1. Kindly write out, for region 317-324 in residue order, the coupling ³J(HN,Hα) from the Karplus curve 6.51 cos²θ - 1.76 cosθ + 1.60 (θ = phi - 60°), rounded to whole Hz, with x marking Gly and Pro.
2. Report, by chain and number, residues whose modeled amide H sits under 5 Å from the one on Leu627, excluding near sequence neighbours (fewer than 5 apart, same chain).
3. How much of the pair distance distribution for region 734-870 lies past 25 Å, counting alpha-carbon pairs only, in percent?
4. Please list, in chain and number order, the residues 5+ apart from Val667 or on another chain whose amide H is under 5 Å from its amide H, with Hs placed from the backbone.
5. Any of Lys839/Lys893; Lys18/Lys199; Lys403/Lys429; Lys18/Lys224; Lys199/Lys227 with alpha carbons more than 18 Å apart? Name them for me.
6. Determine ³J(HN,Hα), in whole Hz, for all residues of region 746-763 in sequence, where each value follows from phi through the Karplus function 6.51 cos²θ - 1.76 cosθ + 1.60 and θ = phi - 60°; x replaces Gly and Pro.
7. Take the Cα gyration tensor of region 95-159, multiply each eigenvalue by 5, square-root it, and list the three semi-axes largest first, rounded to whole angstrom.
8. If you rank Trp860, Trp414 by how much accessible surface each has, with a 1.4 Å probe, what is the order from largest down?
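The values are calculated or read from the model by the stated rules, or taken from the named source; none is laboratory data. Only a predicted model underlies this, so the values are computations on that prediction, with no experimental measurement involved. The protein model used for the area step is the full one, side chains on, heavy atoms only, and it has no ligands, DNA or RNA in it. Shrake-Rupley method; radii C 1.70, N 1.55, O 1.52, S 1.80 Å.
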Amino acid sequence: MMQCVANGHEIVALANLKPSKESGKDELDSFMYQTVGHDAIHFYAECMDLPLYRREILGSSVLLTPDYVVTRDDETEDLLFLLQDVLKDHPDVQGVSVGAILSNYQRIRVEHVCNRLGLISLAYLWRREQKELLAEMAAAGVEAILIKVAAMGLTEKHLGKTIGQMYPLLCTMNERFDLHICGEGGEYETFTLDCPLFKKRIVVEESEIITHDDAAFATVAYLKFVKCRLESKAADEMQKSFELVRIPNWEESWEKYDQVVESMGQADKTITLPKHTPLVDVTEEPFAGYIAANRGQYCAISGTTAYTDSRSTTEITSIQDETKQCMKNVENRLKDAGQTWDNVLLIQVYVSNMADFGLVNQVYKTFFDINPPPRALVGADLEGPARLQVDVITRRFDDHSQKQTMHVQGMSYWAPANIGPYSQSVVTKELACIAGQIGMIPNTLDLPQPQSIVSEAALSLRNLECITSVLDLDLTKDVAICHCYVSDENLLPQAQKAWTSYFEDNCIPPTIYVAIPSLPKNGLIEWQAMLGVQSPVSADDDDDDDDDDDSPSIPSIPQRPETSCTSSEKSDVVVETQWWSSSTLYFSTSCAAIEGENVPMSTIVDILLSDVEKSISNFGTGWNTALSMRVFYRLKNDAQTGKVWESVFKSRLAIFAPNAQPAVTVVPATAIGARAQGILGSLNEVLYLHFNLLLNMFTGIVEYMGTIVAVSENDTTESGGNGWTVTVGDASCILDDCHIGDSIAINGTCLTVTEFSHDTFKVGMAPETLRKTNLGELKVGSKVNLERAMSANKRFGGHMVQGHVDDTATIIDITPEGNSLWFKLQLPTTALLPYIIPKGFICLDGASLTVCDVNDAERWFTIMMIAHTQSCVVMADKKPGDRVNVEVDMVGKYALKSLEGAMGSEGIEALVKRLLAKQ
């Protein structure tokens with residue numbers, strides 16, 4: 001409630017649910033409500049000088065599923081009746097204060113009730129870091145005492161102590177047993193005796209301890225108040241303590257804020273459009289098909305408008321009519337595919353006029369119940385008469401519990417509430433779909449003022465990160481494909497710099513940058529991402545048994561002319577392709593900048609389709625696995641229309657893949673970002689979801705030793721970005737297929753190419769890279785190991801190496817044996833030793849080597865290097881005292897994490913104690 005007041009809300013009434021008299025209990029077995037202390041709740045009304053509404057809890061926890069629907073005799077319905085009582089006397093009430101921090105069970109049920117009553121859930125504690133939150137509460141003058149304990153380490157002696165007094169112990173218990181510091185796991189419950197909102201404080205004069213369970217493992221006991229009184233407070237006392245209430249600042253709490261903002265400050269303010277080149281006129285007839293496609297468990301439905309279904313009979317006189325008909329057409333196509341709205345994973349909506357946003361939403365929301373799918377909505381210059389266009393991706397489920405939806409509707413500091421008809425995310429066992437995120441301040445749902453691309457880009461990325469982290473996904477490692485929409489083409493450089501800096505030294509995934517006419521709330525930037533989910537996939541789940549491509553070879557595919565697809569500042573067309581094979585969803589992007597004279601559209605399309613074909617064939621599949629193709633094209637005044645682009649793509653696809661019809665949609669754009677700064681990398685960028693950036697991984701087989709030709713601690717050039725850079729020479733043999741943004745491992749560290757020539761390339765290094773690796777010791781003339789990121793069809797000679805250095809080890813001894821060398825290396829700590837085993841893999845300065853001996857007590861291990869390896873790597877020239885980069889085997893990391901996951905959050909010590917207690 002204090003946070004509600006700090007955010008400008010006025011508290012007008014209090015409401016409480018208590019145990020029924022018939023139960024004769026102080027404590028109920030409720031999943032929703034705290035009932036201990038109910039006998040003193042009436043003091044709150046006088047302390048705050050507010051009316052108090054109370055009802056008895058007559059229901060119980062009937063429906064225990066994560067989602068809630070109206071259920072007879074469920075205790076959630078008691079909350080509805082209570083709030084209805086409040087609204088009768090206070091019809092102007094707009095919201096409800098909610099104290100949930102981590103409990104989705106409670107949050108979802110409160111939001112359900114609020115939706116039914118037209119109220120907003122104000123959940124300003126949601127997802128707050130608990131250690132920081134509890135300290136903040138105590139510092140702000142909240143005198144709350146423990147009145148119930150139910151966890152190992154908490155006993156009767158802790159009842160009656162304040163949260164301030166308990167804070168050190170709770171932190172210790174969190175570190176030892178993963179206890180929730182704020183009691184979100186039911187470890188303890190509190191009762192507030194005083195806070196800045198109180199005009200009087202409660203004084204407990206007499207109480208007694210009631211013990212429920214005196215088990216040695218965890219005592220369950222609570223405090224029953226026998227006698228309490230109120231004590232008045234001075235006005236200045238209340239004001240002084242309320243000044244301590246803190247509204248968290250998103251800029252201060254996000255660790256990547258500075259690096260993203262600083263990178264955008266270095267971005268160009270304007271960008272030059274490529275010279276307009278006329279395309280050869282084409283006279284293609286409208287091409288049928290390519291509307292919907294089923295591949296494996298997935299289905300794509302593309303380009304649906306109110307006018308694309310012959311079954312539509314409704315007369316359209318308004319945008320509401322058009323929205324309704326468009327959504328009905330999608331519904332009909334879902335039925336044709338044997339699916340419903342419950343199967344939809346992501347909806348992409350394009351509107352001609354963003355001023356229609358509210359009217360579109362009014363109709364759109366009527367097609368969904370609880371948990372609507374995530375959505376990205378942007379403006380687009382659609383061709384008349386359509387003012388609305390919808391694309392959807394769906395998945396079939398044997399059991400809908402395989403689909404997990406996160407729909408947080410409460411206002412908080414965490415991420416923007418989705419009060420509208422869309423969820424933050426949907427997760428399947430292969431894929432996580434995230435709703436489009438604009439730069440809204442979560443606790444107000446306003447854009448930062450004054451409006452700027454720097455603030456909005458940083459805030460929207462922060463919001464995207466908050467959502468993915470809750471899903472236990474890493475935005476820097478798990479992104480399959482990202483769409484970045486900006487409302488002005490001149491913002492493309494800033495958007496590109498923000499995304500690149502966010503990834504630091506991690507490899508940048510396929511990313512499509514598109515300038516469009518408008519975004520919701522007149523925002524400047526929106527990010528929409530799809531991420532791979534690391535989970536086992538059963539082969540039985542894939543019913544796509546026609547992976548063999550029977551389509552004939554393509555006759556006379558044109559050679560790629562050097563002037564047709566280039567690394568210019570912008571692209572004219574970009575194609576995103578999704579395909580399904582072997583229980584896996586793949587993504588690729590292909591782009592083209594048109595710079596020749598009178599280039600035929602069919603030639604451009606053939607080149608793009610050839611690139612797509614290469615991406616698909618790299619994974620041993622054919623066109624019949626292609627699920628969908630989304631084509632963004634740069635809208636020019638005298639260019640061909642989207643219908644012509646669509647017709648050309650479909651007609652050429654009929655030649656490339658006569659037996660396959662992926663769903664195709666064409667979207668006009670103001671401008672399209674190109675491959676500069678590693679945006680699209682190469683014409684073929686593919687992510688294999690189950691191996692997480694497979695194409696941006698390494699094998700530990702060093703390709704070549706390069707030479708450092710330049711080191712700059714503050715490189716002010718465009719490719720240097722005012723940071724630490726090194727330039728590597730003698731590297732021509734690995735640069736024949738290089739592009740800006742490609743990943744090359746230097747001494748085992750994955751780094752991004754920012755500039756290259758025929759025999760040199762430059763990379764930037766973040767401060768964290770310099771701290772974690774030995775790269776800060778490089779000087780002009782130093783030799784370094786080099787390896788390009790592996791390709792999908794490359795032989796796998798070493799082991800899976802990510803290029804993410806874990807630490808450095810110091811060489812403490814080098815001993816020859818025959819023509820081989822023994823290296824003895826010591827680690828600075830024991831942290832990595834669990835992953836280093838005799839005969840196991842280890843990567844040293846980027847070279848895949850085999851561990852020989854390990855001494856955990858003295859933190860050393862040995863490897864033996866044969867003569868051939870000595871001639872191919874830099875480590876052979878190092879001496880005792882020199883440091884080498886260490887990356888341990890990633891398989892060991894995953895194995896340990898899986899074991900920890902199997903044990904849950906208890907840890908080994910707690911698990912053993914629990915098992916002994918059961919005995």
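1. 10, 8, 5, 5, 4, 5, 4, 4
2. Excluding prolines and chain starts, which carry no amide H, the hits are Gln578, Trp579, Trp580.
3. Working: 3088 of 9316 pairs.
More than 25 Å apart: 33 percent of the Cα pairs in region 734-870.
4. Excluding prolines and chain starts, which carry no amide H, the hits are Val631, Phe632, Tyr633.
5. Values: Lys839/Lys893 16 Å; Lys18/Lys199 24 Å; Lys403/Lys429 8 Å; Lys18/Lys224 14 Å; Lys199/Lys227 20 Å.
Those over the limit are Lys18/Lys199; Lys199/Lys227.
6. For region 746-763, the Karplus-derived couplings read 10, 6, x, 10, 5, 10, 9, 6, 10, 6, 8, 10, 5, 9, 10, 8, 10, 9 Hz, x marking Gly and Pro.
7. Details: eigenvalues 151, 46, 24 Å².
They are 27, 15, 11 Å, listed largest first.
8. Details: Trp860 45, Trp414 15 Å².
Result, largest first: Trp860, Trp414.
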